[in-house]
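See structure below.
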Amino acid sequence: MIRDARAFWLRAPGAGEIRSVTLPEPGPEDVLVRSVFSGVSRGTETLVFTGAVPESQHAAMRAPFQEGDFPAPVKYGYLSVGVVEHGPDDLRGRTVFCLYPHQTAYVVPASAVTPVPDGVPAARAVLAGTVETAVNALWDATPMVGDRVSVVGGGMVGCAVAVLLARFPGVRVELVDADPARAAVADALGVGFASPDDATGGRDLVVHASATGAGLQRSLDLLAPEGAVVELSWYGDRPVQLSLGGTFHSGRLTIRSSQVGTVSPNRARRSYAERLALALDLLADPAFDALLTGRSRFTHLPDVLDRLAAGSLPALCHLITYDGE
């Protein structure tokens with residue numbers, strides 16, 4: 001049985017390292033998981049990496065199996081896929097998803113892992129947490145058949161939302177991003193693309209995920225009267241300035257927040273486990289592979305996060321591999 005593992009820790013803001021870990025003995029209701037892949041959630045994890053989590057949000061931002069406290073030292077992450085090496089008979093040998101930080105192996109309660117469906121590749125399954133966020137956002141947004149929808153911000157979450165929206169009957173989706181390279185991603189997702197300056201107006205719904213004040217302002221500007229912006233961005237400690245003159249009041253526009261930490265009130269009868277299982281089922285769609293834009297070995301993770309935070313490594317979801325570390 002695996003007893004020794006290695007984990008990624010943020011030693012100080014901007015400085016990561018790999019540490020050795022001795023795993024506890026699994027109990028009768030636990031599983032021992034050997035990691036195969038993990039995903040770097042670029043927006044959130046670079047905020048953590050740079051120490052930009054506001055003190056008022058330290059509790060709200062805790063990951064399920066986080067160790068340490070913000071700003072550092074802290075072990076953080078929540079997109080892990082591995083194989084159950086030890087545990088109940090119905091899970092042993094299964095590929096599972098877990099909201100666990102970047103670590104080569106770990107012991108958690110069996111209830112904390114969700115089996116990956118047979119039709120979903122293990123690498124794609126790291127997106128489960130991101131697709132779960134997109135599912136919750138659309139439960140909040142309640143798009144309707146035939147809606148004209150823009151997604152402003154072509155990062156991991158924005159692209160996941162766009163994939164799901166494109167499957168709604170009659171819904172016309174336009175992905176809006178300042179990076180022209182996102183046009184190829186939009187094409188792979190089966191949605192339209194526009195720069196912020198060329199984006200189509202008169203939208204019934206805009207989902208905002210660019211994490212910029214300019215993006216949120218442009219989202220409002222794109223709305224038709226009575227339209228709504230669903231805000232998914234996490235800004236950390238950065239202030240956001242908006243102009244709420246113009247048509248904001250006369251057009252009766254709405255800004256609605258959405259956050260995956262709670263199940264949408266529109267689907268309060270669904271449990272967290274049901275929402276995550278749905279996200280994994282949806283990942284059978286190969287369009288989601290367009291969100292996996294690079295891969296690195298686990299031992300390179302300190303450098304990877306440094307480059308992601310600096311912007312020198314462009315990525316949507318950067319995949320971390322553990323085979324040979």
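Values as computed for the structure displayed
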| item | result |
| --- | --- |
| Additional length obtainable on full extension of the chain from ASP289 to THR200, 0.36 nm per residue less Cα span | 29.4 nm |
| Per-selection Kirkwood Rh - segment 137-265 (Cα, Å, 1 d.p.) | 14.5 |
| Spin-label model distance (nm) - HIS86 vs TYR272, 7 Å beyond Cα toward Cβ | 2.6 |
| 3J(HN,Hα) from dihedral phi, segment 200-213, Karplus parametrisation 6.51/-1.76/1.60, rounded to Hz, x for glycine, proline | 6, x, x, 8, 6, 8, 10, 9, 9, 9, 8, 6, 10, x |
| Extension gain (nm, one decimal) between ALA188 and GLU67, 0.36 nm per residue minus Cα-Cα | 39.8 nm |
| Stokes-Einstein diffusion coefficient of segment 273-325, Kirkwood radius over Cα pairs, 25 °C, 0.890 mPa s, in µm²/s | 192 |
| The chain: radius of gyration and largest Cα-Cα distance (Dmax), Å | 19.8, 65 |
| Computed over segment 174-325: relative contact order in percent, which uses C-alpha pairs under 8 Å that are six or more apart | 16 |
| Inter-label distance, nm, simple model (7 Å from Cα along the C-beta direction), ALA59/THR142 | 3.1 |
| Candidates per GluC sites (Glu not before Pro) in segment 22-84, loop by DSSP, up to 12 other Cβ within 10 Å | GLU29 |
| Positive minus negative residues near ARG92 (Lys, Arg vs Asp, Glu; Cβ under 15 Å) | -3 |
| Contact order normalised by residue count of the chain, Cα under 8 Å, 6+ apart, percent | 19 |
| Charge sum, other residues only, whose C-beta stays under 12 Å from ASP303's C-beta, Lys/Arg counted +1 and Asp/Glu -1 | 0 |
| Label point distance in nm, ILE2-SER257, each placed 7 Å from Cα along Cα→Cβ | 3.7 |
| Extension gain, SER250 back to ASP179 (0.36 nm per residue minus Cα-Cα distance, nm) | 22.4 nm |
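Values in this text are rule-based calculations from the coordinates and carry no lab data. Just so it is clear, the model here is predicted, and its values are computed rather than measured. As a convention, Cβ positions derive from the backbone with ideal geometry for all residues, glycine included, and neighbour counts pool all protein chains shown.
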